[in-house]
């Protein structure tokens, strides 16, 4: 494996489980600098937005598809991030961004596919993911990939709630 930006040489020593690293870095988005988590979140928003416009859907089918995708990515992300963190010898490597992808999809679940609502979900999720207010921070203490993933899932769910309230009561978005 060639040297990747944002990954030290020590991360690259020893055998790597290719599928886990590919998914954990969300196909390389986690190697973006600065702020690999933002790259993972933006990738999720762009994929969601493109899928919503390419595949004809109602609000209900978009919500169901987004929910299913978020749950699948969370389920796959737990073992992928566990393996990658162990092989990198780090508790929560910054280049693991599958957690941001899952959390961002949770934040998008009830949004309409407009750039304004996508931007609102992105802003709310990143704010919560970076600041990690209670109870989000407590979830980081869970073991391995569970802790890596679930703090972002919680941030996504809180962003979902805040986004729904903002769009319902302000009518700005």
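Taking the criterion of being in contact with a helix residue (DSSP H, G or I) (Cβ under 9 Å, 6 or more places away or on another chain), outside any loop (DSSP other than H, G, I, E, B) and without any contact (Cβ under 8 Å) to a residue 40 or more places away in the chain, would at least one residue in the range 159-171 satisfy it? Checking the range 159-171: at least one residue is in contact with a helix residue (DSSP H, G or I) (Cβ under 9 Å, 6 or more places away or on another chain), outside any loop (DSSP other than H, G, I, E, B) and without any contact (Cβ under 8 Å) to a residue 40 or more places away in the chain. Considering (1) in contact (Cβ under 8 Å) with a residue 24 or more places away in the chain; (2) outside any helix (DSSP H, G or I), the lone condition that residue 66 does not fulfil carries the number (2).
For the range 19-37, the set of residues classified as in contact with a helix residue (DSSP H, G or I) (Cβ under 6 Å, 6 or more places away or on another chain) and assigned to a helix (DSSP H, G or I) consists of 20, 21, 23, 24, 29, 30, 36, 37, listed by residue number.
Bear in mind these aren't lab numbers, they're just calculated from the coordinates by the rules spelled out. Since the model is a prediction, treat every value here as computed from it, not as a measurement. Positions of Cβ are backbone-derived with ideal geometry, glycine not excepted, and every protein chain shown enters the neighbour counts.
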